[in-house]
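Handing you this structure, nothing more for now.
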Amino acid sequence: MKMSNSANNYDAIVVGGGFGGVYQVYKLRELGFNVKAFERGAGLGGVWRQNVYPGARVDSDVPVYQLWIKDVYEDFDFEKRFPDWREIQKYFSHVDKKLNISQHYDYNTWVTEASFDDNTGKWTVTATGDGAGTYTAKYLLLCTGFASKSYTPNFKGLDKFKGIMHHTSEWPVEQVDFKGKRVAVVGTGASGVQVIQEVGPHVESLTVYQRTPNLAIPMVQHDNDKEYENKRKENYDKVFENTLVVSTGGFEFGFDPRSCLEVSPEVREAHFEECFRKGGFNFWIANFHDVWTNQEADTLAYNFWRKKVLARLTRPEMRELLAPEKSPVTWSGKRPCLEQTYYEVYNQPNVDIVNLRKEPIIEFTEKGISTADHGKLEFDIIVLATGFDAVTGGLTQINVRGVKGETLKEKWANGVYTYLGVSAADFPNMFFMYGPQGPTAFSNGPTCAQIQANWITDAIVFAEKNNLKTISPSAEAEQKYRHHVNAIQDKTLVGQTKSWYTGGNIPGKKLEALNYLGGIPNYMKEIDQEANLLYANFIKA
Ligand code: N01
């Protein structure tokens with residue numbers, strides 16, 4: 001289905017070289033489209049090229065955390081149940097070799113602008129870096145992921161610090177030597193927890209600047225059994241298909257349909273234990289379903305978790321800081337981190353926590369960080385593990401202008417409007433994935449990206465077969481969808497916690513449902529229905 005091939009003019013431009021981008025390029029190329037792609041990193045891998053801090057590791061188990069392409073998975077073996085960034089980078093080299101994807105990409109290239117010309121029905125894209133230039137294409141596919149824009153709070157004096165300081169998601173690939181160093185970590189989300197547990201045993205001192213304790217749950221890491229996994233590969237297609245039917249989050253497991261409140265205390269305890277024993281996200285999304293919707297159930301799960309954590313802490317002063325009597329968040333409101341030896345680090349006498357709720361950071365100094373009670377502490381290394389302008393930031397940081405000349409950032413200034421989490425009114429022939437109002441934060445990443453890329457590919461094929469110049473959702477459709485996405489979230493306890501799920505981690509960002517919480521099976525039904533109705537909610541011209 002090749003449409004165009006003159007210099008710098010393509011059928012489709014793909015932005016991003018992570019799971020979503022690679023899969024989207026592959027799908028369109030299979031159908032004969034002429035595709036150009038850009039990636040800011042030096043190769044494929046998306047966030048796994050920048051998040052190379054000590055301990056950075058996947059939180060979704062093999063085999064679901066990969067491309068569901070037989071040619072690719074049949075001869076790649078992940079060593080660990082939860083691979084680290086090095087293994088993921090190795091995996092992407094394998095993907096590249098098998099699919100010959102790099103030929104489509106310009107690396108070390110940032111897409112800064114994209115604007116739609118109503119007359120030609122094409123996007124003009126401006127890129128800087130190694131692939132600097134202007135490109136045109138009928139379709140613009142933004143595969144920038146949920147975490148491509150890092151967030152650093154505007155701490156006073158941040159640029160004064162003279163030691164080594166990096167944000168976890170902009171970590172130098174040459175690595176930093178922590179041995180015998182005085183280290184501060186600001187932030188205890190998944191990134192902070194992973195750094196702390198990895199470097200904690202090797203440093204001279206570690207000071208953790210914590211605002212909210214993480215409800216970290218056991219990872220239960222292990223080496224994969226190669227023989228077992230290779231046998232399973234014969235049935236991987238069924239395993240993958242099944243995740244779309246059984247699991248809210250696109251994993252091999254789903255919520256327990258029993259109510260946490262209706263089972264006996266013994267049965268409840270046994271199930272909590274079982275989730276802990278299995279590890280991974282079991283305690284989070286294979287738990288009783290009402291842990292996400294009922295405060296009492298949420299508290300019961302918290303009390304079990306707290307008991308487990310307290311049993312591992314030997315220093316009394318750490319107990320209330322790490323596992324307070326009252327839960328600081330809801331289970332559904334924040335993605336828990338998977339830990340291995342996180343709590344043991346706090347048993348070391350050279351580790352301290354500064355509770356930022358009691359004594360906020362006053363300023364960064366040339367030598368360290370200053371707070372009221374702990375005073376001016378001095379460090380060799382400061383790790384900023386302060387997260388991302390998540391879900392929307394990857395898209396709004398590009399000046400994408402639709403037919404009205406408005407950017408996505410301007411369109412979403414008072415709330416995010418999309419249709420089905422893949423398209424936006426007045427932005428014709430533009431699609432995105434693993435972003436706002438998709439299953440994103442509540443899904444295994446590759447699951448979400450691949451089901452959306454499949455749907456987008458079908459929509460493009462439909463447009464081409466019907467000789468459409470443009471296709472874009474109606475404003476009414478996205479208003480209804482926005483209402484729907486927020487109404488689903490309102491049935492849960494998600495909105496009660498401030499986190500990146502709802503924009504609550506960025507000062508001034510509108511609080512709203514940034515993710516579709518209906519679960520993968522329902523999402524599949526909704527997007528399939530739209531396709532079956534021949535894209536009835538889209539304006540076709
Ligand atoms: O970011 P976060 P993250 N002053 O936003 C604190 C994925 N991921 O990079 O909780 C002081 O979760 C903030 O405090 P609080 C994964 O999906 C996966 O850790 O807002 N502190 C919090 O502690 C994850 O959920 C892995 O009170 C401030 C921390 O910084 C997502 O990325 C590994 C502050 C930010 O935590 C984000 O994780 C890493 C301020 N002004 C990331 N502002 C895997 O395991 C923020 N904080 C696969």
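Every number here is computed from the coordinates shown, using simple stated rules; none is lab data. Fair warning: this is a prediction, and the values are worked out from it, not measured in the lab. Quick reminder, even Gly has a Cβ in these numbers, built from the backbone with ideal geometry, and neighbours come from all protein chains shown.
For the peptides 153-166, 461-474, what is the packing order when you average, over each peptide's residues, the other Cβ atoms within 10 Å and list the highest mean first?
461-474, 153-166
Rounded if a/c is under 1.5, else prolate if a/b is larger than b/c, else oblate: which is the range 182-263, with a ≥ b ≥ c the root eigenvalues of its Cα gyration tensor?
oblate
Going through the range 311-391, which GluC sites (Glu not before Pro) have at most 15 other Cβ atoms within 10 Å and a DSSP loop state?
Filter output for the range 311-391: 325, 366.
What is the range 1-152's relative contact order, in percent, from Cα pairs under 8 angstrom and six or more apart in sequence?
That works out to 30 percent.
Show which lysines lie in cross-link reach of residue 498 when reach means a straight Cα distance below 21 angstrom and same-chain residues fewer than eight apart are skipped.
The qualifying lysines are 149, 326, 334, 358, 509, 510.
Principal axis lengths of the range 123-195 from Cα atoms, whole Å, largest first?
54, 28, 25
Could you tell me the relative contact order of the chain? Use alpha-carbon pairs under 8 Å, at least six residues apart, and round to a whole percent.
19 percent
Against the longest principal axis of the chain, how steep is helix 236-246, in degrees 0 to 90 to the nearest 10, with axes from Cα atoms?
Helix 236-246 sits at roughly 80 degrees to that axis.
Sorted by mean Cβ packing within 10 Å, highest first, what order do the peptides 21-28, 527-534 take?
21-28, 527-534
If you don't mind, another one. Can you find, among 539, 257, 222, the residue sitting farthest towards the positive end of the charge dipole of the chain, where Lys and Arg contribute +1 and Asp and Glu -1 at Cβ?
539
Here's something else I'd like to know. With the Cα gyration tensor of the range 17-175 giving a ≥ b ≥ c as the square roots of its eigenvalues, does the rule (a/c under 1.5 for rounded; else a/b larger than b/c for prolate; else oblate) give rounded, prolate or oblate?
Oblate.
Rounded to the nearest 500, what is the 222 nm mean residue ellipticity of the chain from helices alone, with -39500 (n - 2.57) per DSSP H run of 4+ residues and division by all residues?
-9000 deg cm²/dmol
Only Lys, Arg, Asp and Glu count, each charged at its Cβ (+1, +1, -1, -1), so figure out the dipole size of the range 406-502 about its Cα centre, rounded to 20 debye.
So the magnitude is around 180 debye.
Distances over 27 Å make up what percent of all Cα-Cα pairs in the range 400-528?
The calculated P(r) of the range 400-528 puts 17 percent of pairs beyond 27 Å.
Calculate the FRET efficiency for residue 480 and residue 159 from the Cβ-Cβ distance with a Förster distance of 45 Å, rounded to the nearest 0.05.
E between residue 480 and residue 159, to the nearest 0.05, is 0.45.
Next question. Return one number: the angle in degrees, 0 to 90 and rounded to the nearest 10, between the long axis of the Cα atoms of helix 85-99 and the longest principal axis of the Cα atoms of the chain.
In the chain, helix 85-99 runs at an angle near 20 degrees to the longest axis.
Right, next: Show me 170-176, 435-441 ranked by packing, highest mean number of other Cβ atoms within 10 Å first.
Per-residue mean Cβ counts within 10 Å order the peptides as 435-441, 170-176.
Treating only the Cβ atoms of Lys and Arg (+1) and Asp and Glu (-1) as charged, compute the dipole magnitude of the range 1-135 about its Cα centre; round to the nearest 20 debye.
Around 100 debye, computed over the range 1-135.
Can you tell which of 289, 399, 188 lies farthest toward the positive end of the dipole of the chain, using +1 and -1 charges on the Cβ of basic and acidic side chains (Lys, Arg; Asp, Glu)?
So the residue furthest toward the plus end is 399.
Projected onto the charge dipole of the range 66-173 (+1 at Lys/Arg Cβ, -1 at Asp/Glu Cβ, origin at the Cα centre), which of 109, 83, 150 gives the Cα projection farthest towards the positive end?
150
With +1 on the Cβ of every Lys and Arg and -1 on the Cβ of every Asp and Glu, and nothing else charged, how large is the dipole of the chain about its Cα centre, in debye rounded to the nearest 20?
Dipole of the chain, to the nearest 20 debye: 740 debye.
Let me ask you something else. Enter the angle in degrees (range 0 to 90, nearest 10) between the Cα long axis of helix 19-30 and the first principal axis of the Cα atoms of the chain, meaning the one along which they spread out most.
Orientation of helix 19-30: about 20 degrees from the principal axis.
Also: Could you tell me which of the pairs 80/238; 160/307; 98/226; 122/480; 90/122; 233/307 are separated by over 32 angstrom between their Cα atoms in the structure shown?
The answer is 160/307; 90/122; 233/307.
I need two numbers for the chain: Rg to one decimal and Dmax as a whole number, Cα atoms only, in Å.
Rg, Dmax (Cα atoms, Å): 23.3, 70.
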